[in-house]
1. Restricting attention to segment A:89-107, report how many residues are under 23 Å from A:D635 (Cβ atoms), touching a helix residue (DSSP H, G or I) at 6+ places or on another chain (Cβ under 9 Å) and surrounded by fewer than 22 Cβ atoms within 10 Å (Cβ to Cβ).
2. Taking the condition of being acidic (D, E), facing another protein chain (nearest Cβ under 7 Å) and within 41 Å of the chain's Cα centre (by Cα), how many residues in segment A:299-330 meet it?
3. Search segment A:606-635 for residues being in a strand (DSSP E or B) and under 34 Å from the mean Cα position of the chain (by Cα), and hand back the single one that is farthest from A:K81 (Cα to Cα).
4. Report the residue count in segment A:371-386 for those that are away from chain B (no Cβ under 14 Å) and either under 15 Å from A:L520 (Cα atoms) or crowded, with 22+ Cβ neighbours inside 10 Å (or both).
5. Look through segment B:140-154, keep the residues that are more than 16 Å from B:V213 (Cα to Cα) and of a type in the set (D, E, K, R), and return whichever of them is surrounded by the fewest Cβ atoms within 10 Å (Cβ to Cβ).
6. Can you tell me how many residues in segment A:309-318 are part of a loop (DSSP other than H, G, I, E, B), surrounded by 15 or more Cβ atoms within 10 Å (Cβ to Cβ) and touching a Lys or Arg at 6+ places or on another chain (Cβ under 9 Å)?
7. Tell me, please, whether a residue that is acidic (D, E) and closer than 27 Å to A:E298 by Cα can be found in segment B:231-244.
8. Given the options A:G392, A:G381, A:G388, name the one that is modelled with pLDDT under 90, under 23 Å from A:E298 (Cβ atoms) and of a type outside the set (A, V, I, L, M).
Amino acid sequence: MTAEILWTPSLPIQFIAVLAVLGLVLLGMQLLRTGRRGAIYRALLLAMLVLTLLEPRISVEERTPENDIAIVLVDETSSQKIGERKNRSEAAAAQLVGQISAMPGMEVRTVTVRDGDGHGTKDGTRLMGAMTDALGDLPRSRFAGAILITDGQIHDAELATNGGLAGPLHVLISGDKDEKDRRLVIADAPGYGIVGNEVSVRYRIEDRIAGDGRFGSDLVDVTIHVDGEVRETLKLTANQDHEFKMTLDHAGPTFIELEAKAAEGELSAVNNRAVVSVNGVRDRLKVLLVSGQPHAGERTWRNLLKSDPSVDLVHFTILRPPEKNDFTPLNEISLIAFPVRELFEEKIGEFDLIVFDRYVVRDVLPPIYFRNIASYVRGGGAVLLSVGPEFGGLRSLARTPLVDILPGQPTGQIFEQKFKPRITELGHRHPVTSALPGAVVPGRDDLEPSWGSWFRQIGVTTSVAPTLMSGVDGNPLLMMERVDQGRVALIASDQLWLWARGYENGGPQAELMRRIAHWLMKEPELDEEGLSAVVENGELRIERRSLNSGSEVVSIESPSGIKSSVTLKPEAAGKSTARVAVDEIGLYRIGDDTHIALAPAGALNPLELADLRSTDVPAKKIAEAAGGGVRWLVDGMPSLRGVQPDRQTHGAGWLGLVRNEAFSVTGVTNVPLAPWWLVLVIGLGLASLAWWREGR
Amino acid sequence: MTGWFFLAVLILFLVDMAAGLWIRGGGKPLRSVVASMLLAAMLSGGNVSVGHAADEKFARDSSLETRLAYLETGNARVDDVSLRGLMGLTTMLARRTAAELGTPQAVEPGIDELAFFPLIYWPVTPDYELDDVSALAVKEYLKNGGTVLFDTQDRGGGAQATALRDLSIRLDLPPLVPVDAGHVLTRSFYLMNQFPGRYAGTTLWVERAGERVNDGVSPIIAGSNDWASAWAMDDAQRPMFPVVPGGERQREMAFRFGINLVMYVLTGNYKADQVHMPAIIKRLGQ
């Protein structure tokens, strides 16, 4: 409790002063004239009246002392889980909390910082951001200081050095001095590349010890995985740039993982691994369309292919067969020297897709060209055939060397009757034909698909190739097959064009063609057997597509190598899925017996793991800016002291916490010192005494 | 309030002192004392299906074979010339090209399904009436990749020309432009820059089309050269009508135009592609 006298004159102070001076003058004159007689009483009366006019009050505050608050901020990011750091940090935190709570008038708050906390990029250890948050609701006048327990890799130290953080901030470093660590660093990697072109990744194995020091190692074993499969194993020198080159073979992300074997005595192997995701972008698609006799459906192919600006279409057809020669002079005929040999022999392998539309075998393309096409497919090419009546005849593609790669052989039958193409049971599970607009729902084959009818189907032997669509009497209509590295699709009808032309309101011709073409060109999202996974909002979503039903168990390996498994729940269209909550950053690998899916969570090469060695460099900057000390826990636990504000905050073996002696005012009482009645009584008394003395 | 009161007291006190001094030695002191702080609506459109009369046999015959079609005007003479003209053209196509087509087919828009036909030959006659259902069927046909050759058969400027103008309004046809020297019709099979029929020397009109849409093929081709008459042959395969101004060359050119036209509707801009071939082949080499 403190009391204080307040002067609260209601009259102008100058006025009172003038009157007081006047009174003193008169008093002086009285002393001179009449001597001391009665003057003492007049002097007292004057003084009392002047004081009364100044209206003195006594103000009494009722105060409650408040505890000072100290913050213990514990770094629990990934790098703090290495070695003894975690134990040391926990022990130190417990000890600090105990000691601070035991200090009279001191409270303690504990704040833990995990991966992704703080502000900004959410990458790395963001202690200062977390510190700012912790100070947010804490009154400055009660802040006694903070003690940070960390490995010293603080990635937002500049927040403290920019000023604005209250101190003192002390840092206790949990790791060992002179730690050594090997890491794999990506020096340069492309974000995307063109499918079929080479990309190169430059990387370096760094063997480092304390600061910029290096420790010598022999050749380091490096393993390179591409999309989860081992591509190369190498022995490389450390602390030197190396280059890995590969050709992108599919669109979408390709994950290249580089991993160096752990060095002896190094901190952790987690950063011996780096991942590069290169997004494969298709160059212009090069499509070769080989048409037979001109017919109404031919332009449907052209319309479709030409409407896509990213397609380079090479169309080969024969408008005038050699046997049909009129006698028109050559200069009146639009003749084109079609580079047949160049296209079918030299550059056949450059095409992304070859489409045969009702092709009738003529002498123009000799058998050797078909052999080229067959080997193009085996080597990874894509061929789509739409066949008409010619397929069952003498001039059929099935009588060329192409026969080896065909998903079906002609039976010689030709069905010419109205029918609606249907999706087979298998087709409902296949990404190419599942949920095709207009199809009936799986299992309801009593319903009619809403697309238009066709009128011709070519009889094809049912082979091992999966049949996705069927036609007349369940005969196979769309078959798709993998042949060695390549893929072939066969449509056993030449009437897909009826869908494009809107007969009976048409059908999903463009969509079906797009999906078939993309499946042929190996877009992963259309693969019938596939496993994919993504991490979104802290959740790992796994999707398995399969032509076979049944529940399946997949294994999950977290970035730090923790293995678990999950059973997928079957869903429609051949999919089964699972969702798993995840909290690590890095690359998750999901696998079953045959497939591997990789799902990046957060940054692929997190800053948090870039340098794992303990350091006091950022800590010193922070301590200097916010008036605190830096100590290594390995040197022993410093003691704590309460210090007065503006005093030294740390010294040999001790760290200080500020005693602010803050209080809160719970009430104020104002009492007038000179109540009017008292003044009146004393005044009258003094006046009477004065007059009595003077009157004598 | 009390402040003023005590002020008064102080002043009186001072006055008293002054007075006391003033009258010191006999004066009586004065004796007196006194007191102070949304939504949206959806529309759904239904597709109007027109081909109600699509008899299955008609559909099968017309889709299994590629056939040319002509508009049945109701005028027996005109319809007969159209049929014979297209038969003549079909014969010449089979003789000279790989396009071996079926028998030409008469169609009535709104009654017959048009989707099967790559080309409809449309003789424009003043007395032909196109009702709403038929107009809609033609518009659908054109939208889905069909092509119509309007032939006023009058060398231009007659009553048929007026009828064509009315038709183009009924069918919402876009403005047409004359075929220029670079158009694919000038080189889709034969090289030619005039397109004579029974008559010669008039302009052939097409839609200005982009390369990406419909493979750049104009859904509308319009002229007045009476091509059906030039192509028409009797049962002995002899021409039925003389050509004007005349000569076998003109008839030959009329057939060449017919062949170019059919190649154009069947293979689109195939010939125009060849312009891009060297560039594509170069890219293939990379």
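1. Matching residues across segment A:89-107 total 2.
2. 1
3. Within segment A:606-635, the first condition is being in a strand (DSSP E or B), and the residues that meet it are A:630-632.
So of that shortlist, the ones also under 34 Å from the mean Cα position of the chain (by Cα) come out as A:630, A:632.
Values: A:V630: 21, A:W632: 17 Å.
It comes out as A:V630.
4. Here the count works out to 11.
5. Within segment B:140-154, the match that is surrounded by the fewest Cβ atoms within 10 Å (Cβ to Cβ) is B:D154.
6. Initial filter on segment A:309-318 (part of a loop (DSSP other than H, G, I, E, B)): A:309-310, A:317-318.
Adding the requirement that they be surrounded by 15 or more Cβ atoms within 10 Å (Cβ to Cβ) leaves A:317-318.
Still in the running and touching a Lys or Arg at 6+ places or on another chain (Cβ under 9 Å): A:318.
Result for segment A:309-318: 1.
7. no
8. Going through A:G392, A:G381, A:G388 in turn, the sole match is A:G392.
The values are calculated or read from the model by the stated rules, or taken from the named source; none is laboratory data. This one's a predicted model, so the numbers in the text were calculated from it and none came from an experiment. We place every Cβ from the backbone using ideal geometry, glycine too, and count neighbours over all the protein chains shown.
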